[in-house]
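Structure, as structure tokens:
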Amino acid sequence: MLLYGPAGTGKSLIIGAVTQQIIELCQSKGERFGVVNINCQPINTLDQAVYELVQTVAKNVNAEIGVPETGVSTKRKYRRLYKLINEHYDSVIFILDEIDLLVGRRANDEPAYSKLLYQLSRASNTNEIEGRVSVAALTNDPKFMEDIDGRAESSFNPRDVYFPDYDATQLREILENRRDAFRQNALTSDVIPLVAAFAAQSHGDARKAIDLFRGAGDLADEWGDGEVTESHVRESQEEIDKDRSLKLVEGLTTQKKISLYATAAVACHSNRSRNSVPSPVGFNVYRWITDELDADQMTRETYVKYVKELSTYGLISSSRKSRGRGGGMYMEFTFTGDPKAMMKRIVDNTRLEAIGDQEDLLQTIVNSQSRELHNQ
Ligand SMILES: Nc1ncnc2c1ncn2[C@@H]1O[C@H](COP(=O)(O)OP(=O)(O)OP(=O)(O)O)[C@@H](O)[C@H]1O
Ligand SMILES: [Mg+2]
């Protein structure tokens, strides 16, 4: 099987719950059904993955691992795995959670997950495993199967099970079942519907819905309020949004970070109203910073393009402005969040630290650049 769908849609939970039911069903019939569940996220190589499988089976059946972690071939680990399974189970399911993350070390090789899927799903055809074998691969990468299909030797022909985003009604039910996390009568009646509505609107991810639910409770606690209300939910959602947009910044390229930093600096330091940044001022500050850092300098068009791009993440908004009387057009950028927090996030752990230490100088540059535009 291939279980795929976006984050927090219940893939890991459901496969666990369903296999648990099968274990119980088989037990009542005297069949030994083995569930070998590993998460591939921390695993780097095929060899490690096979070792992890051995370790998991050994733990399940209370046996010795029987093979060292390093210094022996992957083949020997497979052999140990099959031996343990043949001795203890009549049938087995391998659950390979977050399979797409098992890529192996070398980028150009066949990815480790491809080999692992091939070998496990073939193990019963070749009689290496005597009983029946199923393989369930879990992923939230929608392109995953395309990649597998492109590999000729793959014998993994899964039945697809798609996990779509949860809607508000489903999220409400999931949250209702977690009422017991709160003191009796602590939840006012609109809390669960509101959390479900927020979550359904933005992602349909049960994990995030639960986080928001808990966050609202934490806030009520923190503020010493006796009950959790709509305002706790709203505030908690705001905190989450803020944090998310700041995390986004970390993934930007250096040039984009510098562009954003320059723009944020203008928003913070200038005396202009409401954080708004005219692109010519932003660009001049950008140029000053690239000089200071001895970094490449992009053209004004590129700078504007980079900053505009960030509006697609909802970090800033941009609009066209006229200088008036034949003075041409320029862009004006406005921050949705706190530009100061953004600057701080950018200087942490980047080359821009050098600039972060020159607050006063930066302020002077920003002021003079702002005046210049004003006088034009
Ligand atoms: N149908 C459900 N009923 C109750 N809780 C659920 C349900 N679906 C998901 N959850 C809860 O939401 C959280 C996320 O679910 P789960 O880990 O199964 O998602 P996933 O699809 O595996 O996500 P990812 O792709 O990020 O691994 C878990 O805490 C889980 O218990
Ligand atoms: Mg999961």
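The values are calculated or read from the model by the stated rules, or taken from the named source; none is laboratory data. A quick note: this is a predicted structure, and the numbers were derived from the prediction, not measured. FYI the Cβ positions are ideal-geometry reconstructions off the backbone, even for glycines, and counts take in every protein chain you see.
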Practice task
Kindly check whether there is at least one residue in the range 213-222 that is of a type in the set (Phe, Trp, Tyr) and more than 16 Å from ligand 2 (Cβ to nearest atom).
Solution key: yes
Completion exercise
Residue pairs within 8 Å by beta carbon, gap of at least six or interchain, first lying in the range 307-333 and at pLDDT 80 or above and among the aliphatic types (A, V, I, L, M), second part of a strand (DSSP E or B) and exposed (fewer than 13 other Cβ atoms within 10 Å of the Cβ), listed first then second, are MET329/ARG320; MET329/SER322; MET331/SER319; MET331/ARG320
Exercise for the section: Return the residue satisfying two criteria in turn: it lies in the range 297-319 and is among the small types (Gly, Ala, Ser) and exposed (fewer than 14 other Cβ atoms within 10 Å of the Cβ), and of such residues it is farthest from VAL285 (Cα to Cα). Expected result: GLY314
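Would you confirm whether or not the range 104-115 contains a residue that is surrounded by 12 or more Cβ atoms within 10 Å (Cβ to Cβ), in contact (Cβ under 8 Å) with a residue 60 or more places away in the chain and within 16 Å of ligand 1 (Cβ to nearest atom)? Lay out the reasoning, then the answer.
The initial filter retains those residues of the range 104-115 that are surrounded by 12 or more Cβ atoms within 10 Å (Cβ to Cβ), namely 104, 109-115.
Next, from what is left, pick out any that are in contact (Cβ under 8 Å) with a residue 60 or more places away in the chain: 104, 112-113, 115.
Then drop every residue that is not within 16 Å of ligand 1 (Cβ to nearest atom), which leaves 113.
Yes, the conditions are met somewhere in the range 104-115.
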Fill in the blank from the handout: Within the range 300-321, residues of a type in the set (Lys, Arg) and farther than 14 Å from ILE258 by Cα come out as ARG320, LYS321
Exercise for the section: Check whether at least one residue in the range 72-84 is within 16 Å of ligand 1 (Cβ to nearest atom) and either of a type in the set (D, E, K, R) or in contact (Cβ under 8 Å) with a residue 60 or more places away in the chain (or both), and report yes or no. Expected result: no
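Considering each of ILE23, ILE38 in turn, give the residue that is within 25 Å of PHE163 (Cα to Cα) and away from ligand 1 (no atom under 14 Å from the Cβ).
Details: ILE38 fails: away from ligand 1 (no atom under 14 Å from the Cβ).
Testing whether each residue is within 25 Å of PHE163 (Cα to Cα) and away from ligand 1 (no atom under 14 Å from the Cβ) leaves just ILE23.
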Exercise for the section: Spot the failing condition for ASN127; the list is (1) within 14 Å of ligand 1 (Cβ to nearest atom); (2) out of contact with any strand residue (DSSP E or B) (no Cβ under 8 Å at 6 or more places or on another chain); (3) within 28 Å of GLN27 (Cβ to Cβ), and only one is missed. Expected result: (1)
Fill in the blank from the handout: LEU246 fails exactly one of (1) at pLDDT 80 or above; (2) in a helix (DSSP H, G or I), namely (1)
Fill in the blank from the handout: Selection over the range 161-204 where residues are over 27 Å from GLY5 (Cα atoms) and among the acidic types (Asp, Glu) yields a count of 2
Problem - the range 79-120, residues that are at pLDDT below 95, over 22 Å from the mean Cα position of the chain (by Cα) and of a type in the set (Asp, Glu) - result: ASP109, GLU110
Problem - Among (1) in contact with a Pro (Cβ under 8 Å, 6 or more places away or on another chain); (2) more than 13 Å from ligand 1 (Cβ to nearest atom); (3) of a type in the set (Phe, Trp, Tyr), the one test that PHE182 misses - result: (1)
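Taking PRO68, is it assigned by TED's automatic domain parsing to the domain that holds ALA137, surrounded by fewer than 19 Cβ atoms within 10 Å (Cβ to Cβ) and within 16 Å of ligand 1 (Cβ to nearest atom)? Steps first, please.
Details: assigned by TED's automatic domain parsing to the domain that holds ALA137: yes; surrounded by fewer than 19 Cβ atoms within 10 Å (Cβ to Cβ): yes; within 16 Å of ligand 1 (Cβ to nearest atom): no.
Taking the combined requirement at face value, the residue does not satisfy it.
Quick grid of which residues meet (1) within 24 Å of the chain's Cα centre (by Cα); (2) within 16 Å of ligand 2 (Cβ to nearest atom):
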position	(1), (2)
LEU3	yes, yes
GLN27	no, no
THR45	yes, no
ALA49	yes, no
LEU53	no, no
ILE65	no, no
LYS77	no, no
Practice task
State whether one or more residues within the range 8-28 are free of Cβ contacts under 8 Å to residues at least 60 places away in the same chain and of a type in the set (Lys, Arg).
Solution key: no
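Surrounded by 16 or more Cβ atoms within 10 Å (Cβ to Cβ) and not assigned by TED's automatic domain parsing to the domain that holds GLN363, is that true of VAL277?
No.
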